[in-house]
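Report on one structure; see the data block that follows.
The values are calculated or read from the model by the stated rules, or taken from the named source; none is laboratory data. Note that this is a predicted model, so its numbers are computed, not measured. Cβ coordinates were reconstructed from backbone atoms using ideal geometry, including for glycine residues, and neighbour counts include every protein chain displayed. Please note that ligands, DNA and RNA were not included when accessible areas were found on the heavy atoms of the full protein model with its side chains. Shrake-Rupley method; radii C 1.70, N 1.55, O 1.52, S 1.80 Å.
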Amino acid sequence: MPSIHRLPELLINQIAAGEVVERPASVLKEILENALDAGAKAISVQLETGGVRRILVSDDGCGIPRDELALALERHATSKISNLDDLERVGTMGFRGEALAAIAAVARTTITSLAEGAEHAWKIDSANREPTPAALNHGTVVDITDLYYNTPARRKFLRTDATEFAHCEEVFCRIALARPDVAMQLAHNRRVLHRLNAGEARARIATLLGDDFLEQAREIRAESALRLTGFASLPAYARNRRDAQYFFVNGRHVRDKLLNHAVTQAYADILHGSRFPAYVLFLELDPAGVDVNVHPAKTEVRFRDSRGVHQFVFHVLAQALGGMGAGHAQARMDGWITGSAAQPPSATTPTDIGTKRYPLPSEHLAATPGRVAMDSASQAYFSFAVSAKPQLSAASAIEPAAGTSDENPLGYALAQLHGTYILAQNTQGLTLIDMHAAHERILYEKLKTVLDGTPSVQRLLVPAIFNASPVEMATAEYHAETLLKMGFEISAAGPRELAVRTVPALLADAPVAELLHELLEELREYPASEAITRRRNELLATMACHGAVRAHRQLTVPEMNALLRDMEKTERADQCNHGRPTWTQFTLADLDRFFLRGQ
C-alpha cells in the first residue's frame with residue numbers, strides 16, 4: 001500500500017478542473033459571472049474554433065489591483081465571501097474561488113486588469129505569475145487559449161467546433177437574459193453574432209427568443225415574500241424540445257427539479273403529449289432562503305422552504321395561464337411562505353390573479369367504497385357530460401340591443417360558421433370561437449369540480465401485492481395518512497412487499513403496482529404529489545372530449561350565447577384540454593386594415 005502523501009498543487013487544480021471546466025462553455029460561464037460580479041456594464045466575448053482555441057472576455061468592471069492578481073489564480077481565493085455567514089446568504093454569482101485556478105491549470109491563461117484608481121494596468125499569466133505593467137483603458141481582459149493543452153485525454157472528449165460554440169452561445173444567451181441592463185457582444189471566428197444594447201428585460205427577451213414568443217406568452221408578475229416575473233408561453237407556442245426554457249433564481253440560471261416540477265404541473269391541464277412550454281422566469285427571494293453551495297458549477301440550488309417555493313411558482317403560473325385575457329398576472333400572495341397560517345388559493349378559489357375567475361358549483365362525490373354516489377344535481381350533470389347529448393343552458397342568452405357589453409368580453413353570437421365556429425361581436429370587434437374545443441374545456445373543468453373532494457374508492461376483492469424497495473417501504477409508512485386521503489389503503493405485507501386494499505374508483509382499472517411506484521417516488525421527492533390528480537384528470541379529459549358538442553351540430557343563438565357565458569367564467573377557457581386555442585380576437589382595426597379602410 002503506497003504511503004499517504006500530499007498531492008502537487010497543479011494536480012489538485014486539474015482535479016478541480018474536472019468538476020468546473022467541463023468544456024469551453026463552462027469556462028465562458030465562469031468568466032462572464034466574474035465580470036458581472038465586478039460591476040461590468042459592458043462585456044465583449046470573442047471565441048475561436050468554438051472556444052477551444054481561444055476565449056477572450058473584456059469587461060468595464062472595477063478591475064483587480066496589482067497585489068491581488070497572483071492571488072486570483074490561487075485556489076480558494078475570492079473577494080466574494082469571508083466567513084460562514086457570507087456563504088449562507090451569497091449575493092454574488094461566484095464565491096468558491098476555484099474557477100480561475102482550475103482554468104489556469106488546463107489552459108494558457110492571461111489576465112490584464114486596470115483597478116479603479118490605479119495609474120496603469122497590470123498583466124499576469126498562468127506560466128509566469130509575476131505581474132507586469134500593461135496598457136488597458138478600463139476593466140479586465142481575460143484571455144484563455146489552448147484549452148486542455150496539457151491534458152490531451154480530456155481534449156478528446158470535446159465535440160466539433162460547431163457543437164462547442166453552440167454550448168458557448170447558450171451560456172452567453174443565459175447571462176444576457178439574466179442581465180438585460182448589461183450591454184453584451186459575442187463574436188465567433190471574428191464574426192459578430194450578437195450585439196445587445198443595455199435595456200429592459202422585454203426587449204432583451206424579444207431579441208434572443210423572438211417577437212413571436214412574446215406574442216404567444218403571458219407576462220408573469222407576482223410578489224409576496226417571493227417575487228416571480230417573466231413570460232410563460234401559451235400552449236399554442238409549445239415546442240417539441242426543451243430548448244426555450246430559462247429559469248433564474250436571484251439572477252442565476254438553474255436546472256432545478258423542484259422548479260421544473262412546479263412549472264410542469266402548472267401546464268398539466270393545458271398542455272398534453274410530448275410538447276414542452278417555452279418560458280423565461282425570474283424568481284427572487286432572500287439569499288438566506290436558498291443554498292447555492294450545492295453543485296461545483298452552481299447550476300443546482302436547494303431551497304430552505306421548498307414547499308413554499310413550489311406552491312408559489314405553481315399557483316402563480318397556473319393562475320396566469322388560466323385567465324381569459326392576455327394581460328399579465330398580478331398576484332398578491334402574502335402568507336404563502338412558511339410561518340404564516342394563510343394557504344395558497346385552491347383550484348376553485350376566486351383570486352385577483354390575472355383576469356376575473358368565478359367559483360364553480362361545489363357538488364362532490366360521496367365517499368362510498370366501490371361506487372360513485374352523487375346528489376341529484378351532480379348526477380344530472382355527470383350524465384349530461386358522458387352521454388354526448390349536451391343541453392346548453394339558455395339562462396344567460398339574453399343579448400343587449402347593441403350586441404356588445406364590457407361585462408361579457410367574448411361578446412354575443414351573430415352566427416354559426418359551417419357548424420364548427422361561432423361568430424360573435426364584442427366591444428373590440430369580432431371573436432371567432434371553436435365551439436367543440438371551448439365546450440370541451442367547460443365540461444372538463446366542471447367535471448373536476450364535481451369530482452373534487454374525498455375520492456370514491458374501490459375495495460379490491462384480493463389485495464394487490466407488489467415488491468417495494470426499502471425506501472418505498474419507508475415512504476409508504478411515513479405517508480400512510482396522505483395515501484389514505486388519496487384513496488389508497490396500503491400496508492406492509494412482508495419485509496419488501498406492500499399490499500394495496502383500496503384504490504380510487506376512477507383509477508380502478510389502472511396498473512396498481514406501476515401507479516404506486518410512481519406515486520411513492522413523487523411523495524419522496526416533491527412537497528406534494530400530483531400523480532393521482534393527473535391520472536384522474538386524464539380520464540376526465542377523455543370524458544369531456546366525448547361529451548362536448550360535435551362539429552356540424554347546429555346551435556341556436558341562445559345556445560351559442562350560453563356557451564360564451566360559460567367560457568367567460570371557466571378557468572383556462574383560452575385552451576382546450578389538448579392545448580389548442582378555443583377562440584381568437586379580430587379587432588375593428590384588424591378588419592379596417594383588411595378592407596383598406598381609411599387608406
Q. Amide H to amide H, which residues 5 or more places from residue 107 or on other chains are under 5 Å from it, using H placed in the peptide plane?
A. 148
Q. When ligands, DNA and RNA are left out and all protein chains stay put, how many square angstrom of accessible area per residue does the range 35-177 have with a 1.4 Å probe?
A. 48 Å²
Q. Taking H as built 1.01 Å from N, whose amide H comes closer than 5 Å to the amide H of residue 276, not counting residues under 5 places away?
A. 239, 240, 241
(Q) Please report the carbon-and-sulfur percent of the accessible area for the range 158-240; probe 1.4 Å, protein heavy atoms only, DNA, RNA and ligands left out. (A) 42 percent
(Q) How much length would be gained if the chain were fully extended between residue 241 and residue 71, taking 0.36 nm per residue of separation minus their Cα-Cα distance, in nm to one decimal? (A) 56.9 nm
Q. Here are some pairs, 448/569; 156/257; 41/123; which of them have Cα atoms lying more than 19 Å apart in this structure?
A. 156/257; 41/123
Q: Mind checking the full-extension length gain between residue 499 and residue 197? Use 0.36 nm per residue of separation minus the Cα-Cα distance, one decimal, nm.
A: 102.5 nm
Q: Can you tell me which of 459-468, 568-577 comes out highest on packing, and rank the rest after it, using the mean Cβ neighbours within 10 Å?
A: 568-577, 459-468
**Q.** With all protein chains modelled, accessible area of residue 108 [1.4 Å, Å²]
**A.** 110 Å²
Q. Which distance in Å, rounded to a whole number, links the C-alpha centroids of the range 174-237 and the range 108-160?
A. 30 Å
Q) If r is the Cβ-Cβ distance from residue 584 to residue 120 and R0 is 56 Å, what FRET efficiency results, to the nearest 0.05? A) 0.35
Q) For the pair residue 569 and residue 157, how long in nm is the line joining their label points, each one 7 Å along Cα→Cβ? A) 6.1 nm
Q.
Can you compute the charge dipole magnitude of the range 107-215 about its Cα centre, using +1 on each Lys and Arg Cβ and -1 on each Asp and Glu Cβ, nothing else charged? Give it in debye, rounded to the nearest 20.
A. 420 debye
Q) Non-local amide H neighbours of residue 43 (under 5 Å, H modeled in plane, Pro and chain starts lacking H): which ones? A) 183, 184, 185
